[in-house]
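Undergrad: Quick one: this structure, given as structure tokens, is what I'll be asking you about.
The values are calculated or read from the model by the stated rules, or taken from the named source; none is laboratory data. Everything numeric here is computed off the predicted structure, so don't read it as measured data. Virtual Cβ from ideal backbone geometry, glycine too; neighbours counted across all protein chains shown. Protein only, heavy atoms only, side chains kept; ligands, DNA and RNA dropped before computing areas. Shrake-Rupley method; radii C 1.70, N 1.55, O 1.52, S 1.80 Å.
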Amino acid sequence: MHPPAALYSLHFWVRYSLAEYIRFMWEHGGYLIRRRRIGWPMGIYLRIKSTLAAALHFVLLQRGRRTYEFTIDQHGIVRTSDTGVTLIGWDDVARIRTYTNGFMMVLKRGTLPIPFRCLNAKEVDAMKGIAEARAAGELQMRATA
């Protein structure tokens, strides 16, 4: 097991703001558009459209009113809120990207933003180590074994 993934169990709480969520989605939309090599002007149109759709969902689902509790370790991710508990195995995490405001866990179905403001310096380093372990396939192999 990769040392940061084996040694650290990250546990923190997040309450997203609309502006913070929009920044995450704007950056992630840009990443997806560049990856698919969509040029201008269609690229900017799709980035604006996807960011506005994400903002609308954020407001309609009242995500700004919820506090999410996260536990991240070598077994996966547990997200708890007033709506229930979500268990996410590492085999469901396609990649972990680093953006200006934090980490974005790209799942097979959806995304999970983790703001830097919720983590101390040791936890940010541990999260970077977990991201490296996930990219190397170490966490996936251990989770499915």
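Undergrad: Take peptides 116-128, 23-35 and line them up by average Cβ neighbours within 10 Å, highest first, as a rough protection proxy.
TA: Final packing ranking: 23-35, 116-128.
Undergrad: Hey, another quick one. Please report the Cα spread of the chain along all three principal axes, rounded to whole Å, starting with the longest.
TA: 45, 35, 28
Undergrad: Let me ask something else about it. For a quick protection proxy, order the peptides 56-64, 87-95 by their average other-Cβ count within 10 Å, most packed first.
TA: The most tightly packed comes first, giving 87-95, 56-64.
Undergrad: I would also like to ask the following. Quote the FRET efficiency, to the nearest 0.05, computed for Trp40 versus Lys128 with a Förster distance R0 of 30 Å and r equal to the Cβ-Cβ distance.
TA: 0.40
Undergrad: Under the definition of Cα pairs under 8 Å and six or more residues apart, what whole-number percent is the relative contact order of the chain?
TA: Relative contact order of the chain: 30 percent.
Undergrad: Let me ask something additional. With only alpha-carbon atoms in the gyration tensor, what are the semi-axes of the equivalent ellipsoid for the range 1-85, in Å, largest first?
TA: Equivalent ellipsoid of the range 1-85: 29, 20, 9 Å, largest first.
Undergrad: State in Å² the accessible area per residue of the chain; use a 1.4 Å probe, count heavy atoms of protein chains only, and round to the nearest integer.
TA: Per residue, the chain has 58 Å² of solvent-accessible surface.
Undergrad: Another one. Sum -39500 (n - 2.57) across every DSSP H segment of at least 4 residues in the chain, then divide by the residue count to get the 222 nm mean residue ellipticity, nearest 500.
TA: After summing the helix terms and dividing by residue count, I get -14000 deg cm²/dmol.
Undergrad: Which of Ile38, Ile48, Ile72 ends up with the largest GNM mean-square fluctuation for the chain, with Cα atoms connected below 10 Å?
TA: Ranking Ile38, Ile48, Ile72 by mean-square fluctuation puts Ile38 first.
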